[in-house]
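The values are calculated or read from the model by the stated rules, or taken from the named source; none is laboratory data. None of these values were measured; they are calculated from a predicted model. Positions of Cβ are backbone-derived with ideal geometry, glycine not excepted, and every protein chain shown enters the neighbour counts. The accessibility values were calculated without ligands, DNA or RNA, using every heavy atom of the protein model including side chains. Shrake-Rupley method; radii C 1.70, N 1.55, O 1.52, S 1.80 Å.
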Amino acid sequence: MKKLSLTTIVWFFGLFCSFAQTSGGDTTGYKQKKLSLQEVDFVSGYYHQDGNNSAVTGGIGTENLTDFANNLDLILLKTDKHNRQYTWAFELGIDHYTSASSDNIDPNTKSGPSSHDTRIYPSLAWSEKDTKNNTFGITGSYSTEFDYKSYGLGANYAKSSADNNREFSVHLQSYFDRWTLIYPVELRPPGGGYSGRGGSRRDSVPNVYKPRDSYSASFAWSQVVNKRMQIAILMDLIYQEGLLATDYQRVYFADNSERIEHLPGTRFKLPLGARANYFIDDRFIMRAYYRYYMDDWGIRAHTASLEVPVKLNAFISISPFYRFYQQNAADYFAPYGMHETSQEFYTSDFDLSKFTSHFFGAGIRFAPENGILKIRHWSNLEIRYGHYVRSTGLHSDIISLNATFK
């Protein structure tokens, strides 16, 4: 069924792109300035993980999870009589996941909140680029799933040099989230509530909601050093406030007592990064990346990655990649049964523990001159596979497919 759906999508967008292009004849002046479909991207991915440090059960137990994600991007372009370029980008994402660990929120049922769910997240972006290489844009987004809703607003500005060899950009983003409070079944207040089923026959107490707001400012400076090398310097400033803990995650203490996870109501993050692309020759490219991360919860982390696309011929390339990550534990983390009841904040979520991880794999990209399967507007197809291992025992696999139509 999935193969049939993907074939239908490929055929549909190939046909759609063919109608979106201007026909033969006069290709100057007004016709080329009309709003036109420039690109369609379809990405489909399957992810599976397993481990034995579930935060839902206090840092022990299954972390088994699967996720099937699909994402569609439409990019439209228009140029006005003053040569100002306008871009509209619409994105629609749909993820469906199943989680054995989340089903342990209420182990007496097999239909607990978040045991399986579908997340839908559309977004719309608009930008304008003038003749002086100034680009300004705005974005809006929405995301919803069983116990969570999010609204996003953003604005961005970029300035390029006259020769387009240098660019500075700023991206401001805010997210306004609303969580439905769900407690582990044994920690719910007497009289019901905190199950995520407010108003149902099983739980007539209304749901309780908590907000979480996130604000970020991203800065990037890129430079073409020479014909072979490009570099970029990156910095993000991120501030969050509201409900930053996950209330259905248990914490077990040294005296055998149990509570829900409790974390500070604010968090400041500062990632600093650098990226370099080096064109060795017509066949080989090296893409290197490094990032240092710190926050006021005590985490310090390093990320380093390398990808080396290799062009096998004019139409096929492969891209092996590797990423290394290392972090120390947050100030509030301790494993199962190791917290003291005198502590103000506490979590047994191993995402906040000390660990190292490795992510490696490869992609293969097809971009024949006459299009994939001789469909002229189906410009390329890429398949990527990655395997992830973490020192805590978590391991996962992901495979994705990306089809581009122009």
Top-ranked residue of the range 66-110 - restricted to ones that are under 15 Å from F146 (Cβ atoms), assigned to a strand (DSSP E or B) and of a type outside the set (V, I, T), ranked as nearest to the chain's Cα centre (by Cα): D95
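Considering only the range 196-222, how many residues are at pLDDT below 75 and of a type in the set (K, R)?
Looking only at that region, the number is 3.
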Residue that is most open to solvent (accessible area, probe 1.4 Å), among those in the range 249-263 that are outside any loop (DSSP other than H, G, I, E, B) and of a type in the set (A, V, I, L, M, F, W, C): I260
Residue in the range 241-248 that is assigned to a strand (DSSP E or B) and not basic (K, R) present: yes
H302 over 23 Å from the mean Cα position of the chain (by Cα) and either farther than 29 Å from D106 by Cα or not basic (K, R) (or both): no
Meets criteria (aromatic (F, W, Y), in contact with a Phe, Trp or Tyr (Cβ under 8 Å, 6 or more places away or on another chain), surrounded by fewer than 19 Cβ atoms within 10 Å (Cβ to Cβ) and assigned to a loop (DSSP other than H, G, I, E, B)) for Y325: no
Qualifying residue in the range 302-319 (condition: assigned to a loop (DSSP other than H, G, I, E, B) and open to solvent by less than 60 Å² (accessible area, probe 1.4 Å)): yes
Qualifying position, being open to solvent by less than 60 Å² (accessible area, probe 1.4 Å) and touching a Phe, Trp or Tyr at 6+ places or on another chain (Cβ under 6 Å), among A220, A274: A274
Residue check, D50 among the acidic types (D, E) and open to solvent by 40 Å² or more (accessible area, probe 1.4 Å): yes
Count - residues of the range 223-236 that are crowded, with 16+ Cβ neighbours inside 10 Å, of a type outside the set (D, E, K, R) and within 23 Å of the chain's Cα centre (by Cα): 2
Residue within the range 193-210 that is open to solvent by less than 30 Å² (accessible area, probe 1.4 Å), hydrophobic (A, V, I, L, M, F, W, C) and under 28 Å from the mean Cα position of the chain (by Cα) present: no
